[in-house]
Amino acid sequence: MFIFFPLQLIAFVTFPGVIVHEMAHRFFCDLIGIPVYEAEYFLIGEKKAGYIRHATTSNVGHQFLISIGPLIINTLLCALLTFPFMIVNSVELATQSPYSLVALIAMAWLGFSIGMHAFPSNQDLNVLKIVYKNNVPKSMMLRFIITIVVSFVRSVNIVPFFFLEPIYAYLISNILPMIMA
């Protein structure tokens with residue numbers, strides 16, 4: 001049996017991830033000095049859950065950072081925010097005060113929501129593709145990194161949103177606890 005999850009419902013439930021996704025684009029625009037003309041961090045009932053409209057750049061490295069900003073920022077925040085919940089075992093979880101338990105669950109939901117929106121959209125990648133075609137980088141390393149990252153993200157974007165994004169968020173949530181084990 002196939003269950004349909006409307007993307008707008010998922011975006012609504014995981015809205016912190018949408019907001020952080022757009023803020024990550026904005027962060028890299030500001031960091032690099034690219035003017036931002038318009039920012040909608042969360043839209044309800046729209047085809048796009050949010051967007052950032054910024055000036056164009058001919059620097060492929062800059063556009064790469066802007067385009068994949070959410071992959072960097074959302075991944076880091078997902079790992080950090082879910083860490084407290086992920087290191088508490090079930091016995092310790094049962095002995096937590098109600099306030100601690102609510103705080104742990106809220107941080108886990110926040111981190112997981114942010115992790116689910118780590119992947120740049122196809123539109124983010126299309127902007128990078130245009131800049132790349134017009135200004136192929138001289139650095140073989142930069143070309144290699146862009147090719148690998150874009151190929152990975154495009155392959156993830158082929159699969160419906162509600163399938164790989166939660167798996168990614170779960171895997172990222174387990175990275176720090178596995179490192180510390």
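What to note about this one:
- Mean Cβ count within 10 Å, highest first, over the residues of peptides 37-43, 144-150, 18-24: 18-24, 144-150, 37-43
- Built amide H within the under 5 Å cut-off of HIS54, gap 5+: TYR37
- Listed residues ALA94, VAL60, ILE105: farthest to the positive end of the dipole of the chain (Cβ charges): VAL60
- With the simple spin-label model, which puts each label point 7 Å out from Cα in the Cβ direction, the ILE148 to TYR37 separation comes to 3.5 nm.
- Dipole magnitude of the chain, debye to nearest 20 (Cβ charges: Lys/Arg +1, Asp/Glu -1, about Cα centre): 620 debye
- For the stretch 74-134, alpha-carbon Rg over 2.2 N^0.38 Å: 1.67
- Share of Cα-Cα pairs in the chain lying beyond 28 Å, as whole percent: 30 percent
- Ordering 131-141, 101-111 by mean Cβ neighbour count within 10 Å, with the highest value first, yields 101-111, 131-141.
- A DSSP coil position with no more than 10 other Cβ atoms inside 10 Å describes the following trypsin sites (Lys or Arg not before Pro) in the stretch 35-103: LYS47.
- An oblate overall shape is assigned to the stretch 126-181, the ratio a/c of its alpha-carbon gyration tensor axes (a ≥ b ≥ c) being 1.5 or greater and a/b not exceeding b/c.
- Within a straight-line Cα-Cα reach of under 16 Å, LYS133 can be paired with the following aspartates and glutamates, leaving aside sequence neighbours fewer than 8 residues apart in one chain: ASP124.
- Here each label is just a point 7 Å from Cα along the line to Cβ, and for GLN123 and ASN89 those points are 4.7 nm apart.
- Amide H to amide H, with H built 1.01 Å from N, LEU43 comes under 5 Å of GLY50, counting only residues 5 or more places away or on other chains.
- Here the Karplus relation 6.51 cos²θ - 1.76 cosθ + 1.60, evaluated at θ = phi - 60°, turns the backbone of the stretch 36-42 into coupling constants of 9, 8, 8, 9, 10, 7, 7 Hz, with x for every Gly and Pro.
- Estimated 222 nm signal from helices in the chain, with DSSP H stretches of n ≥ 4 weighted -39500 (n - 2.57), rounded to 500: -23000 deg cm²/dmol
- Difference of contour (0.36 nm per residue) and Cα-Cα distance, ILE72 to ILE158: 28.9 nm
- With θ taken as phi - 60° and the Karplus curve 6.51 cos²θ - 1.76 cosθ + 1.60 applied, the whole-hertz 3J(HN,Hα) list for the stretch 163-180 is 9, 7, 4, x, 5, 4, 4, 5, 5, 5, 4, 9, 5, 4, x, 5, 5, 7 Hz, x standing for glycine and proline.
All of the numbers you see were taken from the coordinates with simple rules; none came from a lab. Computed from a predicted model, the values in this text were never measured in an experiment. Positions of Cβ are generated from backbone atoms using ideal geometry, with glycine treated the same way; all protein chains shown enter the neighbour counts.
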